[in-house]
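Read the structure below first, then the notes.
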Amino acid sequence: MDSIIEKIRNELVTLSDDTVRQTGERFFKEEVRLYGIKSEIVKRIGKEYFKLLKGREKGEIFDLCEELWKSGILEETGIACNWSEYIHKEYKSEDFKIFDKWVNSYVTNWAACDTLCNHSVGMIVTMYPELIDKLKEWARSGNRWVKRASSVSLIIPAREGKFLDDIFEIAGILHSDTDDMVQKGYGWMLKAASQAHMDEVFRYVMSVKATMPRTALRYSIEKMPAEFKARAMAK
């Protein structure tokens, strides 16, 4: 094991707090592993240790990230997500396979899913738009977190007005999914898209609302005017 990983883990153990851990666990329905450290402290630790990686190759940094992912502990995966985001300027299209492995192999809760996908995955898809087809493959997965990842990876691009047709296609694939984490994910994606394309998203929602799960519907219209919300929610 690389000494930097060992040092990080030693510091996280030292800073762990049972009260913070128990509070954090309440945010999840599924079982999660936590040291019990506030997120801002974890982010600071990650930044400090990332400085020690100066001069290391991208592949080495990805390998260190994977070592952190393997632990399954939320604070470690948070640092891994931040490190992979820090090197986004070095991304090549083929690096998507690394994120694909992480999402399929290590993501087991919404926090890990969203932290990785909102940033690293969203960035690489924006840089290499042909990768949007990979997200559509994720949307057809049997894994709830991979399906959620297909939509939450587009949150930031959606706010910027990008990929609207693809967003509607992914929402269509996920439309009738019964998992609330998936419904919230694609509803959030539509909500983000509505910030740049309000009318188009409203028309889409109205066209599918009869069969759209109410959770997804509520999320998708959250940023819309009261009149739009009333029309969308009307039976």
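Using only Cα atoms, tell me the angle between helix 96-105 and the longest principal axis of the chain; keep it within 0 to 90° and round to the nearest 10.
90 degrees
Taking only Cα atoms and a 10 Å spring cutoff, compute GNM fluctuations for the chain and point out the largest among 165, 17, 177.
165
Per-residue HN-Hα couplings for the stretch 194-211, Karplus 6.51 cos²θ - 1.76 cosθ + 1.60 at θ = phi - 60°, whole Hz, x for Gly and Pro?
Working through the residues one at a time gives 5, 5, 10, 9, 4, 5, 5, 5, 4, 4, 4, 4, 5, 6, 10, 4, 4, 10 Hz.
Once the piece of chain linking residue 31 and residue 233 is laid out straight, how much longer is it, given 0.36 nm per residue of separation minus the C-alpha distance between them?
In short, 69.4 nm is gained.
What is the angle, in °, between the Cα long axis of helix 58-71 and the longest principal axis of the Cα atoms in the chain? Nearest 10 is fine, range 0 to 90.
That works out to roughly 80 degrees.
Given a 1.4 angstrom probe, what's the average accessible area per residue across the stretch 160-224, in square angstrom? Kindly include the intermediate steps, with their values, before the conclusion.
Numbers: 2770 Å² over 65 residues.
That works out to 43 Å² per residue.
Express in % the proportion of alpha carbon pairs of the stretch 179-235 at distances exceeding 18 Å.
Pairs farther apart than 18 Å: 19 percent.
In whole percent, what relative contact order does the chain give with Cα contacts below 8 Å and a gap of six or more residues?
12 percent
Considering the chain as a Gaussian network with a 10 Å cut-off on Cα pairs, which listed residue, 22, 183, 195, attains the greatest mean-square fluctuation?
Greatest mean-square fluctuation among the candidates belongs to 22.
Can you give the relative contact order of the stretch 117-181 as a percent, counting alpha carbon pairs under 8 Å and 6+ residues apart?
Working: 60 pairs, mean separation 23.8, N = 65.
Relative contact order of the stretch 117-181: 37 percent.
Given the -39500 (n - 2.57) contribution per DSSP H run of 4+ residues, what per-residue ellipticity at 222 nm results for the chain, rounded to the nearest 500 deg cm²/dmol?
-19500 deg cm²/dmol
At a 1.4 Å probe, what is the % contribution of carbon and sulfur to the accessible area of the chain?
So the carbon and sulfur contribution to the accessible surface is 50 percent.
Please give the contour-minus-distance gain from residue 17 to residue 39: 0.36 nm per residue of separation, less the Cα-Cα distance, rounded to one decimal in nm.
6.7 nm
The values are calculated or read from the model by the stated rules, or taken from the named source; none is laboratory data. Here the structure is a predicted model, which is why all the values come from computation and not from measurement. Only protein heavy atoms, including side chains, enter the accessible area calculation; ligands, DNA and RNA are left aside. Shrake-Rupley method; radii C 1.70, N 1.55, O 1.52, S 1.80 Å.
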